[in-house]
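Below is one structure, written out as structure tokens; the observations come after it.
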Amino acid sequence: MGDLRYGRTVHSLTKLLLNYDVSFIFVSPDILRLPADVMEAVQASGHSYRQVDDLHSVIGETDVLYMTRVQRERFTDLAEYDRVKDFYIADQDLMAKAGEKMIVMHPLPRVGEISYALDADPRAAYFRQMRNGMYIRMALLAALLGKA
């Protein structure tokens with residue numbers, strides 16, 4: 001959900017998940033839809049997918065909400081950025097519609113798309129995600145340097 005056009009993490013995660021039995025719901029405004037090459041890979045894989053712009057309409061059927069920020073630096077027209085920057089905000093109202101076991105992930109940093117009130121929600125996985133990513137990078141560096 002969010003900036004699917006420019007978000008590198010979304011592109012690599014989508015391609016990785018094509019190796020598993022998952023279905024996708026891509027949530028973004030029209031101008032931030034997945035780029036053609038990633039969308040073609042999804043279509044060619046045969047995975048079930050939908051593209052929507054209303055997060056509230058699909059949050060109840062979502063197991064993992066992977067959020068991304070709208071990246072200001074990607075826009076040449078700041079008026080266009082201002083139109084979409086706050087398009088999606090995960091807050092307590094949204095989470096009230098979500099399942100008990102759904103998790104929220106985010107590559108961080110956040111810029112307002114996740115309410116700070118959600119940090120205490122057990123479904124907020126972004127800090128665990130960040131910590132685990134750090135350990136993985138440490139292990140990869142150690143392996144590359146022959147220290148593992």
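Just a few scattered comments:
- Verdict on Val70 being touching a Leu at 6+ places or on another chain (Cβ under 6 Å), buried (at least 19 other Cβ atoms within 10 Å of the Cβ) and not hydroxyl-bearing (Ser, Thr, Tyr): no
- Selection within segment 120-135 - in contact with a helix residue (DSSP H, G or I) (Cβ under 8 Å, 6 or more places away or on another chain), surrounded by 14 or more Cβ atoms within 10 Å (Cβ to Cβ) and not basic (Lys, Arg): Asp121, Ala124
- Subset of segment 42-73 (residues that are more than 18 Å from the chain's Cα centre (by Cα) and hydrophobic (A, V, I, L, M, F, W, C)): Ala44
- When residues of segment 1-21 are limited to those that are farther than 26 Å from Asp86 by Cβ and out of contact with any His (no Cβ under 7 Å at 6 or more places or on another chain), the one most open to solvent (accessible area, probe 1.4 Å): Asp21
- Checklist (1) over 16 Å from the mean Cα position of the chain (by Cα); (2) among the hydroxyl-bearing types (Ser, Thr, Tyr); (3) closer than 16 Å to Thr9 by Cα applied to Thr76, failing item: (3)
- Any hit, segment 106-119, residues being exposed (fewer than 12 other Cβ atoms within 10 Å of the Cβ) and of a type in the set (Phe, Trp, Tyr): yes
- Tally of residues being in a helix (DSSP H, G or I) and charged (D, E, K, R) across segment 104-148: 4
- Any hit, segment 76-85, residues being of a type in the set (S, T, N, Q), touching a helix residue (DSSP H, G or I) at 6+ places or on another chain (Cβ under 9 Å) and open to solvent by 60 Å² or more (accessible area, probe 1.4 Å): no
- Qualifying residue in segment 136-145 (condition: modelled with pLDDT of 95 or more, open to solvent by 40 Å² or more (accessible area, probe 1.4 Å), within 17 Å of the chain's Cα centre (by Cα) and not aliphatic (A, V, I, L, M)): no
- Residue within segment 38-50 that is of a type in the set (Lys, Arg) and open to solvent by 70 Å² or more (accessible area, probe 1.4 Å) present: yes
- With respect to being touching a residue at least 12 places away in the same chain (Cβ under 8 Å), out of contact with any Gly (no Cβ under 8 Å at 6 or more places or on another chain) and assigned to a loop (DSSP other than H, G, I, E, B), Lys101 fits the description.
- On the stretch given as segment 119-148, residues that are small (Gly, Ala, Ser) and closer than 30 Å to Ile89 by Cβ total 4.
The values are calculated or read from the model by the stated rules, or taken from the named source; none is laboratory data. Only a predicted model underlies this, so the values are computations on that prediction, with no experimental measurement involved. As a convention, Cβ positions derive from the backbone with ideal geometry for all residues, glycine included, and neighbour counts pool all protein chains shown. The protein model used for the area step is the full one, side chains on, heavy atoms only, and it has no ligands, DNA or RNA in it. Shrake-Rupley method; radii C 1.70, N 1.55, O 1.52, S 1.80 Å.
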